[in-house]
Amino acid sequence: MSRSRSILSRNIRLSTGLTLISVVVALSASGPLLEHRALDQNLDQRLKAPSVQMPFGTDALGRNILARLASGGVNSLVLSSLCVTASLIIGVLLGLTSGWLTGSLLDKSLLRLVDIAMAFPGLLLALLLAGLLGGGPAVVAVALIFTGWTDYFRLARSLTVVGRTAPYVEAGRLSGFSGFFLLRRYILPKVLPHLSVLATLGMGKTILYISSLGFLGIGLAPPKPEWGAMIAESLPYMRQAPHAIIAPAGAIFLTILGFYLTGQALARNAGRQGAA
Amino acid sequence: MKKRMLEVNDLTVRAPGPTGGKILVDGIDLVIRQGGLFTLIGETGSGKSIVAQALTGTLPEELSPSGRVCFDGVDILRLSAHERRSLWGRKLFLLPQEPERALDPTMKVAAQVEEIFKVLRYSSRRKAREETRRLFARLGLSASNEGRRYPCQLSGGMNQRVLFAMALASPANFIVADEPTKGLDPLLKRRVTDLLGELNRLGKTVFCITHDLLVARRLGGNLAVMFRTRIVEKGPAEIVLERPSHPYTQGLFQALPENGLHPIPARMLQEMQGV
Amino acid sequence: MFEPAQATARDKRTCIVAENISKTFSRRGSHTKPLLQGLDLRIAFGEIVGITGASGSGKTTLGDILLGLVRPEGGRIQWAGRDRTSLTRAELRDLRPKYQKIYQDPFRSFPPWLTIRETLTDVLAYHGLTRGPSDTERRLRRAAREVMVPEDLLDRSPGRLSGGEIQRLALARALLLEPFFLVADEPTSRLDPSVQALVARLIMRVAGERNMAVLFISHDAELLKVVCHRVFALEKGKLHARTAWRRT
C-alpha cells in the first residue's frame with residue numbers, strides 16, 4: 001500500500017538522518033579530549049595515508065585528521081546551533097508580532113527590514129564584516145544571524161496571519177483573552193512544529209555556510225581546526241593525499257545530509273499534523 | 001430489474017484500538033440499482049459519513065473495514081489505494097460539502113469543467129467547450145458570463161452548480177453527495193436538492209447523505225435511516241417518511257420544529273440502542 | 001464589573017441596543033454593496049430574538065457588529081446602557097466577556113490540540129474566576145451538567161466529540177463568563193433534527209434561567225417560530241417582523 005510505504009520511507013529518512021547526526025555529535029563530543037592531538041604537529045608523519053592508528057591519515061603538517069575532524073565538528077555544531085537558535089528566537093518573536101498586527105506600521109517596517117536582510121547574501125556580508133572587523137567566529141555569527149532570521153520570521157508571520165483568522169481565535173477574543181495570551185496559547189502551538197522543521201534544515205545550511213567561510217579563511221583562526229579550513233589547507237596536496245580533502249568534505253556532506261533527511265521527515269509529520 | 005450498481009454486504013468498520021476497537025459502522029447491507037436514487041439519513045455521528053467514505057474508497061487508513069462493498073462487480077475494500085484512486089472521477093464522483101474548497105481558485109470555472117471533458121473523456125478542445133456550454137445552460141449558468149469568472153467571484157450557490165456541471169461532465173455514473181445542503185438557506189437547499197434530482201433524471205445513480213428530513217422527502221427514491229452505527233429502517237422514501245416504523249425515525253419527526261421541537265429523550269435513545 | 005442594574009433606569013430591561021446601523025460589504029475591493037442600511041434592534045434581558053434571511057444577507061455581520069467584532073460604518077451600539085464608543089478601556093475589558101457567541105461550526109471554535117477541559121480552564125483562570133484546582137473542577141462539572149453533557153467528555157479533544165456534544169460544550173464555555181448577551185449563529189444547522197431540538201431547547205432554558213438576551217440566527221423559519229419571542233427577516237439591509245409563536 002502506498003501509505004505504508006510512505007511511512008516506511010519516512011522512517012528510513014528519519015532514522016538515517018538521526019543516525020548521521022548522532023555519529024557527528026558523538027565524534028564531536030570526543031573533540032575536546034582530542035584537542036591537543038588535533039594541534040600536535042609531527043612533520044615526520046606528513047600526509048600519511050589512512051592506517052589503523054590514524055583512521056583518516058594525517059595532513060600536510062602531520063596532524064591527525066580524525067582528531068581534527070572531531071575537534072572541528074564541535075566548533076561547527078556549537079556555532080551553528082547558536083546561530084540557528086538566535087535566528088529562531090528573533091524570527092519567531094518578530095514574526096508572531098508582525099503577523100498579529102498585519103498592516104500596522106510595525107509590520108510594514110519589519111517587512112522592509114526583511115527585504116534588506118534578504119538582499120544581502122550571507123557569505124558576502126560575512127566577507128564584508130570580516131574585512132571591516134577582522135575575522136573570528138563572532139563575525140560569522142553576526143552575519144549568519146542577520147541573514148538567517150528572515151526565513152523564520154517569514155514563516156512565523158504567514159502562519160500567524162492565517163492562524164489568527166481561525167474561529168477559535170475569535171472565540172478566544174470573545175472570552176476576553178489578550179493578544180499576548182492568544183498568541184502564546186492559540187497561535188504559537190500551530191507555528192512551532194513548522195518552525196522546528198525549518199530550524200533542522202537551517203542547521204544543515206548554517207554548517208555549510210560556516211564551512212564555506214572557513215574555506216575562505218574567515219571564522220576560527222588557524223591552527224584551530226575547522227572543516228572548511230581543513231579542505232583549504234589540504235588543497236595544494238590534493239594529488240598526493242586526497243584523503244586529507246575527502247575526510248572533511250565527507251564530514252560536511254554527511255552532516256548536512258543528516259539534518260536534511262531529519263528535516264524532511266519532520267516536515268511530513270508537521271504537514272500531517274497541520275492537515276488534521 | 002436494473003443491474004446492481006452498488007451492493008454492500010455486512011459492512012463493518014472499526015476504529016483503531018487495542019481489542020479490535022470501537023465499532024463505527026455495524027453490519028450495513030445496501031443495494032443501489034443502476035440509475036437509482038438512495039438517501040441515507042440519520043443521527044449526527046451515527047456513521048453516515050463513514051459509510052460514504054467506505055463506498056468511495058476514501059476511508060482513513062487507520063479504520064479497518066470488513067464485509068463487501070461491490071461497486072460495478074468490484075469489491076472496493078479489496079482494491080489497492082492506487083486502484084481506488086483510479087475510480088474517482090471515472091466511475092464515481094464525490095460531491096464535496098464545501099464547493100469553494102473543491103474548486104481550483106486560480107482557474108476560471110468553465111475551464112475547470114472543460115478540463116474534465118478533455119482529461120476524462122478525451123474530448124477535443126472544441127467539443128469540450130461546446131459540451132460545457134450546454135451543461136452550463138442546463139444548470140442555469142452562462143458559460144460566457146459566469147463561466148469566465150473565478151470561484152471567488154461567484155456565490156456559493158453558483159459554485160455548487162459548477163460542481164454539479166463537473167459531476168455531469170465526468171463519465172462517472174455514481175454520484176455520492178455527503179450533506180450537500182449543510183448550512184444552506186432554504187432557497188439554496190431546495191435548488192441543490194432539485195439539482196440532485198436532475199442529475200438522477202439525467203441517468204446518474206445518486207447516493208445522498210443528509211440529516212435533513214425535508215431534503216430526503218423532496219429527493220424521494222429509496223431511503224435508509226441510520227442510528228448508532230446501524231441501519232434501523234429502510235424502504236421507499238415516501239413510505240418510510242409517511243409511516244415510520246422504528247421509534248428513532250418517529251422520534252426524528254417529533255423533533256422537527258413544526259411538530260413541537262421535542263428532542264428524543266435520552267432514556268429512549270438508550271433503550272433503542274439495546275433493541 | 002458591570003451589573004445589569006447599573007444601566008440607566010430607562011434601559012434597565014434592555015440588554016443591547018443597535019441604532020441606525022449601516023455597513024457596506026466589499027469583496028476584493030471591486031464592488032461594494034450596502035449590507036445593513038439604518039437597522040434598529042433592541043433586545044431585552046431574557047429575550048430571544050430570531051433573525052432569518054438568505055445567505056449573504058448580513059445576518060452574521062449583524063451579530064458580529066452587536067458583539068463589537070465588526071465596526072459598523074454608521075450608527076450606535078449600546079452595551080449595558082452605554083454607547084460602546086464611550087466606554088473606557090477598562091470598562092470595555094470588563095464588559096467584553098459578557099457578550100458571547102456560539103458558532104455554526106463548533107468544532108472550529110475550539111483549538112484542536114487542547115482538550116475541552118484545558119480550553120475551559122483557560123477561560124476561568126484568565127479571568128481569575130477560580131480559587132484553585134478543586135474549585136475549577138467543581139465549576140467545570142457544573143458547567144457540563146448545565147448543558148447536559150457527561151463530565152468525562154471534558155477530557156476529550158474537540159475532534160472526538162459529536163456535533164451536538166461540542167455545540168453544547170461551546171455553550172458551556174460561553175456561560176462560564178455569565179454573559180448578558182449571546183449570539184447563536186446557526187447553532188443547529190449542522191445537527192440532525194433530534195439533536196437540533198436538544199440544543200435549541202437548551203438555549204431556550206438557559207436564556208430563561210439566566211435572564212440572558214439571545215440573538216438566534218437561523219435559516220429555519222419554523223425553528224425560529226418555536227424558539228424565539230420575536231422573529232425578524234433580514235432583507236435589503238433592514239429587519240422585517242415575522243410571526244413568532246412564543247409569548248414575550
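The values are calculated or read from the model by the stated rules, or taken from the named source; none is laboratory data. Since the model is a prediction, treat every value here as computed from it, not as a measurement. Note that each Cβ is placed from the backbone with ideal geometry, even for glycine, and that neighbours are counted across all protein chains shown.
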### Message
I'd like to know if the stretch B:216-232 contains one or more residues that are at pLDDT below 90, within 24 Å of B:Val8 (Cα to Cα) and of a type in the set (Ser, Thr, Tyr).
### Response
yes
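Identify all residues within the stretch A:217-230 that are among the hydrophobic types (A, V, I, L, M, F, W, C) and within 22 Å of A:Leu254 (Cβ to Cβ); write none if there are none. Steps first, answer last, please.
Applying the first criterion (among the hydrophobic types (A, V, I, L, M, F, W, C)) to the stretch A:217-230 yields A:218, A:220-221, A:227, A:229-230.
Correct list: A:Leu220, A:Trp227, A:Ala229, A:Met230.
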C:Leu69: passes all of (1) crowded, with 18+ Cβ neighbours inside 10 Å; (2) touching a helix residue (DSSP H, G or I) at 6+ places or on another chain (Cβ under 8 Å); (3) part of a loop (DSSP other than H, G, I, E, B) but (1)
Q. Does B:Ala172 satisfy the condition of being assigned to a loop (DSSP other than H, G, I, E, B), closer than 14 Å to B:Leu95 by Cβ and either hydrophobic (A, V, I, L, M, F, W, C) or without any contact (Cβ under 8 Å) to a residue 12 or more places away in the chain (or both)?
A. yes
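Only one of these is more than 7 Å from chain B (Cβ to nearest Cβ), farther than 22 Å from C:Lys98 by Cα, at pLDDT 95 or above and in a strand (DSSP E or B): C:Phe216, C:Phe232. Name it.
Values: C:Phe216 fails: farther than 22 Å from C:Lys98 by Cα.
It is C:Phe232.
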Only unsatisfied item for B:Val192, checking (1) at pLDDT 90 or above; (2) among the β-branched types (Val, Ile, Thr); (3) within 15 Å of the chain's Cα centre (by Cα), is (1)
- Does the stretch C:191-205 contain at least one residue that is crowded, with 21+ Cβ neighbours inside 10 Å and away from chain B (no Cβ under 12 Å)? no
For the stretch C:160-167, does any single residue satisfy the condition of being over 29 Å from B:Pro186 (Cβ atoms) and surrounded by fewer than 24 Cβ atoms within 10 Å (Cβ to Cβ)? yes
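Could you tell me which residue of the stretch C:75-104 is nearest to A:Glu170 (Cα to Cα), considering only residues that are of a type in the set (Gly, Ala, Ser) and surrounded by 14 or more Cβ atoms within 10 Å (Cβ to Cβ)?
Our first condition is that a residue be of a type in the set (Gly, Ala, Ser); within the stretch C:75-104, this holds for C:75, C:80-81, C:86, C:90.
Going one step further and asking which of them are surrounded by 14 or more Cβ atoms within 10 Å (Cβ to Cβ), we end up with C:75, C:80-81.
Numbers: C:Gly75: 23, C:Ala80: 22, C:Gly81: 25 Å.
My answer is C:Ala80.
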Checked B:Ala255, B:Ala216 against criteria (small (Gly, Ala, Ser), buried (at least 18 other Cβ atoms within 10 Å of the Cβ) and touching an Asp or Glu at 6+ places or on another chain (Cβ under 9 Å)); the one match is B:Ala255
Conditions (1) surrounded by fewer than 22 Cβ atoms within 10 Å (Cβ to Cβ); (2) part of a helix (DSSP H, G or I); (3) over 14 Å from the mean Cα position of the chain (by Cα) -> B:Tyr122 fails only (2)
With criteria (1) under 24 Å from B:Leu214 (Cα atoms); (2) at pLDDT 90 or above, B:Asn9 comes up short on (1)
Among the residues of the stretch A:31-54, the number that are at pLDDT 75 or above and within 18 Å of A:Ala251 (Cα to Cα) is 7
- Any hit, the stretch A:203-218, residues being surrounded by fewer than 23 Cβ atoms within 10 Å (Cβ to Cβ), of a type in the set (Lys, Arg), more than 30 Å from C:Asp105 (Cα to Cα) and in contact (Cβ under 8 Å) with a residue 60 or more places away in the chain: no
**Asked** Would you say A:Val24 is free of Cβ contacts under 8 Å to residues at least 40 places away in the same chain and β-branched (Val, Ile, Thr)?
**Response** no
Residues in the stretch A:233-260 that are surrounded by fewer than 17 Cβ atoms within 10 Å (Cβ to Cβ) and under 14 Å from A:Ala60 (Cα atoms) total 7
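Residues are listed down the side, and each one gets a yes or a no for (1) surrounded by fewer than 19 Cβ atoms within 10 Å (Cβ to Cβ); (2) in contact (Cβ under 8 Å) with a residue 12 or more places away in the chain; (3) within 11 Å of chain C (Cβ to nearest Cβ):
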| position | (1), (2), (3) |
| --- | --- |
| A:Leu132 | yes, no, no |
| A:Ala138 | yes, no, no |
| A:Ala141 | no, yes, no |
| A:Asp151 | no, yes, no |
| A:Gly163 | no, yes, yes |
| A:Gly176 | no, no, yes |
| A:Pro189 | yes, no, yes |
Within the stretch B:209-231, residues being free of Cβ contacts under 8 Å to residues at least 40 places away in the same chain and away from every other protein chain (no Cβ under 13 Å) number 1
Those residues of the stretch A:31-53 that are surrounded by 15 or more Cβ atoms within 10 Å (Cβ to Cβ) and among the small types (Gly, Ala, Ser) come to a total of 2
Note: among B:Arg161, B:Arg138, just one is surrounded by fewer than 20 Cβ atoms within 10 Å (Cβ to Cβ) and within 27 Å of B:Asp212 (Cβ to Cβ), namely B:Arg138
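Applying the selection to the stretch C:163-175, what residues are over 16 Å from C:Val214 (Cα atoms) and either of a type in the set (A, V, I, L, M) or touching a residue at least 40 places away in the same chain (Cβ under 8 Å) (or both)?
As a first pass, look at the stretch C:163-175 and keep what is over 16 Å from C:Val214 (Cα atoms): C:163-166, C:169.
Hits for the stretch C:163-175 are C:Gly163, C:Ile166, C:Leu169.
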I'd like to check something: does the stretch A:263-271 contain any residue that is more than 30 Å from A:Tyr186 (Cβ to Cβ) and crowded, with 17+ Cβ neighbours inside 10 Å?
no
For C:Pro179, the lone unmet condition from (1) over 30 Å from B:Phe227 (Cβ atoms); (2) within 14 Å of chain B (Cβ to nearest Cβ); (3) in a loop (DSSP other than H, G, I, E, B) is (2)
Subset of the stretch B:41-86, residues under 17 Å from the mean Cα position of the chain (by Cα) and within 12 Å of another protein chain (Cβ to nearest Cβ), comes to B:Ile41, B:Gly42, B:Glu43, B:Thr44, B:Gly45, B:Ser46, B:Gly47, B:Lys48, B:Ser49, B:Leu59
Just one listed residue, out of A:Leu106, A:Leu129, A:Leu182, A:Leu110, is outside any loop (DSSP other than H, G, I, E, B) and either within 23 Å of the chain's Cα centre (by Cα) or of a type in the set (Phe, Trp, Tyr) (or both), and it is A:Leu129
Residue hits (the stretch B:137-186; over 30 Å from B:Thr44 (Cβ atoms), modelled with pLDDT of 85 or more and within 14 Å of chain C (Cβ to nearest Cβ)) are B:Arg149, B:Tyr150
A careful count of residues in the stretch C:35-69 that are within 11 Å of another protein chain (Cβ to nearest Cβ) and farther than 24 Å from B:Pro186 by Cα gives 3
In the stretch C:1-53, anything assigned to a loop (DSSP other than H, G, I, E, B), surrounded by fewer than 19 Cβ atoms within 10 Å (Cβ to Cβ) and modelled with pLDDT under 75 is listed as C:Met1, C:Phe2, C:Glu3, C:Thr8, C:Lys12, C:Arg28, C:Gly29, C:Ser30
